[in-house]
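Quick notes on the structure that follows.
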Amino acid sequence: FEAGGQAGSDFWGIYPLEGGRMMLVMGDAVGQDIAGTMVSAVVKSACDEIFDRRPRELDPAQLLHILNDSLFRPNRPALTSCFAALFDPSRSEMLYANAGHIPPYKVTLRGDHLDLGVLLGTGPLLGDLSDPGFEVRTVGLSSEESFVFLTNGLLSVEDSNGREFGARGLQKLLRKQNSVEPEFLRASILEGLE
């Protein structure tokens, strides 16, 4: 995590659950300055409240539906993208649902380089529809791979010539790496942004 400024519309949270499971929630509210920040605060506070109650069973799509209900207003919707992922190490799988957010990258070690993939599937933004119908998808977990979760704040960083880092810049950087260790990937990405 690296802050992009004083008032941001990006948010994230990691929530431990029973049985060694963990829910990760990441998103980016639509709106500039304080408007986006307030929408993010609503979603993050709703997540904190939900997980403070220690839910026994809650899949990522159910979570997105609850968050959608907190934002949906027919005449003046508050919109945000959001990605929710439930990591379950006992089953070696991750369940996820996407509400219009940038899909995370799945990086897999293949010899001395990384293969890139994205987690497919998306849905409407939170707050856009009264019944958005979010879907749960499942992907296996392996020690030979990691996931890179991001918001557009990472992609919109510009160099001194005004060129954005962009998705291609991130993909190019990731393909050059030779490790899927999260700390290594994070350091490599931040160094590439510098």
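With only the Cα atoms considered, the range 112-192 has a convex hull volume of 120 Å³ per residue. Simple rule: put +1 on each Lys or Arg Cβ and -1 on each Asp or Glu Cβ in the chain, find the dipole, and look at L190, G121, A41; the Cα lying farthest toward the positive end is G121. Element breakdown for the chain at a 1.4 angstrom probe: carbon and sulfur atoms account for 50% of the accessible area. For the chain, the 222 nm mean residue ellipticity estimated from helices alone, with every DSSP H stretch of n ≥ 4 adding -39500 (n - 2.57) and the total spread over all residues, rounds to -9000 deg cm²/dmol. When the charge dipole of the range 48-90 is built from unit charges on Cβ atoms (+1 for Lys and Arg, -1 for Asp and Glu) and taken about the Cα centre, the candidate among I66, P77, I50 whose Cα reaches farthest toward its positive end is P77.
Taking the Cα centre of the range 1-98 as reference, the dipole from Cβ charges on Lys and Arg (+1) and Asp and Glu (-1) amounts to some 220 debye.
Residues in the range 75-194 average 55 Å² of solvent-accessible surface per residue, probe 1.4 Å, ligands and nucleic acids excluded.
Result for the chain in a Gaussian network model with C-alpha springs under 10 Å: among I34, I102, I14, the largest mean-square fluctuation is at I34. Using a simple charge model, +1 on the beta-carbon of Lys and Arg, -1 on the beta-carbon of Asp and Glu, nothing else, what dipole does the chain show about its Cα centre, in debye to the nearest 20? Its charge dipole is roughly 240 debye.
For Rg and Dmax of the Cα atoms in Å, computed directly from the structure shown, the correct entry in [x] 17.1, 60; [y] 16.9, 53; [z] 14.8, 46 is [y]. Computed over the chain with a Gaussian network model linking Cα atoms closer than 10 Å, the most mobile of R163, R137, R73 is R163. Distance from the Cα centroid of the range 50-88 to that of the range 138-194 is 26 Å (rounded to whole angstrom). Note on the chain: GNM, Cα springs under 10 Å; of F134, F165, F149, the largest mean-square fluctuation is that of F165.
The values are calculated or read from the model by the stated rules, or taken from the named source; none is laboratory data. From a predicted model like this one, the values you see are computed outputs, not experimental measurements. Glycine also receives a Cβ, built like all others from the backbone with ideal geometry; neighbour counts cover every protein chain displayed. Only protein heavy atoms, including side chains, enter the accessible area calculation; ligands, DNA and RNA are left aside. Shrake-Rupley method; radii C 1.70, N 1.55, O 1.52, S 1.80 Å.
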